[in-house]
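Quick notes on the structure that follows.
The values are calculated or read from the model by the stated rules, or taken from the named source; none is laboratory data. Only a predicted model underlies this, so the values are computations on that prediction, with no experimental measurement involved. All Cβ positions, glycine included, derive from the backbone under ideal geometry; neighbour counts span all protein chains shown. The protein model used for the area step is the full one, side chains on, heavy atoms only, and it has no ligands, DNA or RNA in it. Shrake-Rupley method; radii C 1.70, N 1.55, O 1.52, S 1.80 Å.
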Amino acid sequence: MNTSRIREHAPDINRLVRCTLGLAAAFAMVSALAAPAYAQSYSFTKVADSTEDGFDPFSFGCSSINAGGDVAFKAGRKAPDGINTIEGIYRANAADGSLTTIVENEKKFDFISRNLSMNDLGAVSFAANLDKGGFAILRGSGKSLTTIANTAKQFNFFGADTSVNNSGRVAFKAELDPEFNFDEGLFSGTGGKITTHYLASTSDFDGNDSRPSINNIGDIAFQESIDFEDGIFVTEGDGFKVIAAPDPDVSVQEPVLNDGRTAAFERSFFDPGLGRFVAEIVTGNGGPLTVVADTRGEFQFFGFRPPSLNNGGDVAFHATLSDFVTTGIFTGPDSVADRVIGSGDALDGRTVQNLTFCEEGLNDAGQLGFIAQLEDPGSPDGFRMAVFRATPSA
């Protein structure tokens, strides 16, 4: 097993490779779209820009928006040699438009996970490769970093995606050291003692390194397989609640979990009536699943990252339409009425070419944080990346 760096888990075979986007920091309002008449209109605030703020447009990862409207994102700046990129994580603060550096240290880290997590206090969790060797799970809010776990002790490697709640508890998947037979499991911690929620060796789970999702109550939702069949589960005391039972005919992706213990995730299966595979964005809390959107109509496939779910039960997701060209962010099954923003739309005086929207992109106020690739003939690459906060109009 190659453990020379933190593993980025591969997408399901039913997903297609998506372009990812980037961002940087600035504060400017952009007028709402003057495109088709959508059911909900939004105002768009640019909080970072690759050209204006000196970020490498090819360096962007996911963004996360919290209850206060702060937007955190992964990006990078060009190193002094003009070739390499110094990776970093940044938070655009809604209160004053300032940009806080969570981490940016080429001498300490040689790799930072592209998918971060942020809580309502502005603390961000992430995984990183240490330049001196080894891996770590860390949490920070702009000053010092707290080490949640590292490979100096019982861990051999970590899943690249973490989740942090308002108590500062970080959930993560990991593999133990060889002396523990490379056992895999689900863990959480705040910087002291690590809590083990399960191990493959002492549970029915096969073990994987997919992203878990922790809510503010401390419940953790996760995707796992039992006898190589995928299911969705939530921690419940010393046991687990089944959200979606393992099914040999259904594939499920990583879930997100809200404080009401409802999970949202993507599932896919072969539909004999249509004669093809169908994907669905669904929610559930242990009973029948509710379908939010599916690929039976205008949606051709959903984004690389899980959907986003807030505490009101609202869901937002990235999708590509059946023309295989148009991509967008949507909040429901109608590709027109539920569209927030899409490729071809005008934004910041330019045309949207592509979008990145991830699992922490929707907050309880209905605001969305996302990254847009904008055409820009004047830039060296012909485009620039920008990070936005979309706010529903009254």
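Hey, if you put +1 on the Cβ of every Lys and Arg and -1 on every Asp and Glu Cβ in the chain, which of GLN373, PHE155, SER203 ends up farthest toward the positive end of that dipole?
Value: GLN373.
Near the amide H of ALA94, under 5 Å away, which other amide H atoms are found, from residues 5 or more places off or on another chain, if H is placed in the peptide plane?
Those qualifying (amide H under 5 Å, at least 5 residues apart or on another chain) are ASP70, VAL71.
What is the pair-distance distribution P(r) of the chain, computed from all Cα-Cα distances in 20 Å bins starting at 0, with each bin given as a whole percent?
Final binned percentages: 30, 59, 11, 0.
Would you mind getting the accessible area per residue of the range 96-209, heavy atoms of the protein chains only, 1.4 Å probe, in Å²?
41
Using each residue's phi in the range 78-95, evaluate 6.51 cos²θ - 1.76 cosθ + 1.60 at θ = phi - 60° and report the 3J(HN,Hα) Karplus result to the nearest Hz, with x for Gly and Pro.
Each residue's phi maps through the Karplus curve to give 5, 6, x, 6, x, 10, 7, 10, 8, 6, x, 10, 9, 10, 8, 8, 5, 5 Hz.
Return one whole number: the accessible area per residue of the range 350-394 in Å², for a 1.4 Å probe.
I get 32 Å² per residue for the range 350-394.
Could you name the lysines in cross-link range of LYS193, using Cα to Cα under 26 Å and dropping any fewer than eight places away on the same chain?
Those lysines meeting the cut-off are LYS108, LYS132, LYS143, LYS153, LYS173, LYS241.
Once amide H atoms are placed 1.01 Å from N in the peptide plane, what residues at a sequence separation of 5 or more from PHE157, or on another chain, have their amide H within under 5 Å of its amide H?
Placed amide hydrogens put GLU175 under 5 Å from PHE157.
With θ set to phi - 60°, apply the Karplus curve 6.51 cos²θ - 1.76 cosθ + 1.60 along the range 225-236 and write out the HN-Hα couplings as whole Hz, x wherever there is a Gly or Pro.
Those phi angles translate into 10, 10, 6, 6, 10, 7, x, 10, 9, 10, 4, 8 Hz.
What's the extension gain from ASP271 to VAL325 if we count 0.36 nm per residue and subtract their Cα-Cα distance?
Here the answer is 17.1 nm.
Can you give me the orientation-averaged projected area of the convex hull built on the Cα atoms of the range 202-310, in nm²?
Projected area, direction-averaged: 7.3 nm².
Place a +1 charge on the Cβ of each Lys and Arg in the chain and a -1 charge on the Cβ of each Asp and Glu, then give the dipole magnitude about the Cα centre in debye, rounded to the nearest 20.
Dipole size: approximately 1020 debye.
Give the separation of the Cα centroids, the range 366-381 to the range 50-71, in Å.
Value for the Cα centre distance between the two parts: 10 Å.
Please give the charge dipole size of the range 283-340, origin at the Cα centre, charges +1 on K and R Cβ atoms and -1 on D and E Cβ atoms. Round to the nearest 20 debye. Walk me through the numbers before you get to the answer.
Values: 3 positive and 6 negative charges, 32 e Å.
Taking the Cα centre of the range 283-340 as origin, the dipole is about 160 debye.
Would you mind computing, in nm to one decimal, how far apart the modelled labels at ASP81 and PHE180 are, each placed 7 Å from Cα along Cα→Cβ?
Between ASP81 and PHE180, the label points sit 3.6 nm apart.
Using the per-residue mean of other Cβ atoms lying within 10 Å as a proxy for protection, in what order, highest first, do the peptides 199-211, 86-98, 357-369 fall? Intermediate results must be reported in sequence, preceding the final value.
On the way: 199-211: 17.5, 86-98: 19.7, 357-369: 24.5.
Ranked from most to least packed, the peptides come out as 357-369, 86-98, 199-211.
Per-residue counts of other Cβ atoms within 10 Å, averaged by peptide: what ranking do you get for 180-187, 223-230, 262-269, 140-147, highest first? Please list the in-between numbers first.
Values: 180-187: 19.8, 223-230: 17.0, 262-269: 24.2, 140-147: 14.5.
Descending mean neighbour count gives 262-269, 180-187, 223-230, 140-147.
Compute the normalised compactness of the range 110-231: alpha-carbon radius of gyration over 2.2 N^0.38 Å, N being the residue count.
1.01
On the protein heavy atoms, probe 1.4 angstrom, tell me the percent of accessible surface of the chain carried by carbon and sulfur.
About 49 percent, which is the carbon plus sulfur part of the accessible surface.
Helix-only estimate, please: 222 nm mean residue ellipticity of the chain, summing -39500 (n - 2.57) across DSSP H runs of length 4 or more and dividing by its residues, to the nearest 500.
0 deg cm²/dmol
State the answer as a single residue: which of ALA263, GLN223, PRO246 lies farthest towards the positive end of the charge dipole of the range 208-263, with beta carbon charges of +1 for Lys and Arg and -1 for Asp and Glu, about the Cα centre.
My answer, from the dipole projection, is ALA263.
Pop the C-beta distance of ALA346 and ASN166 into the FRET formula with R0 = 35 Å and round what comes out to the nearest 0.05. If you can, show how the numbers build up before the last one.
Values: r = 36 Å, r/R0 = 1.04.
Once the sixth-power term is evaluated, E becomes 0.45.
Hey, what's the range 238-334 come to in accessible area per residue, 1.4 Å probe, Å²?
That works out to 40 Å² per residue.
In whole Hz, with x marking every Gly and Pro, tabulate ³J(HN,Hα) for the range 43-50 from phi via Karplus 6.51 cos²θ - 1.76 cosθ + 1.60, θ = phi - 60°.
9, 10, 10, 7, 10, 7, 8, 5
In whole angstrom, and with the biggest value first, how far do the Cα coordinates of the range 54-155 range along each principal axis?
Answer, in whole Å and largest first: 38, 36, 20 Å.
Full-extension gain between ASN354 and ASP334, please, as 0.36 nm times their residue separation minus the C-alpha to C-alpha distance.
Values: separation 20, 0.36 × 20 = 7.20 nm, distance 1.97 nm.
Gain on stretching ASN354 to ASP334: 5.2 nm.
So what is the diffusion coefficient of the range 266-365 in µm² per second by Stokes-Einstein at 10 °C and 1.306 mPa s, using a Kirkwood Rh over Cα pairs?
Values: Rh = 14.2 Å.
Translational diffusion coefficient: 112 µm²/s.
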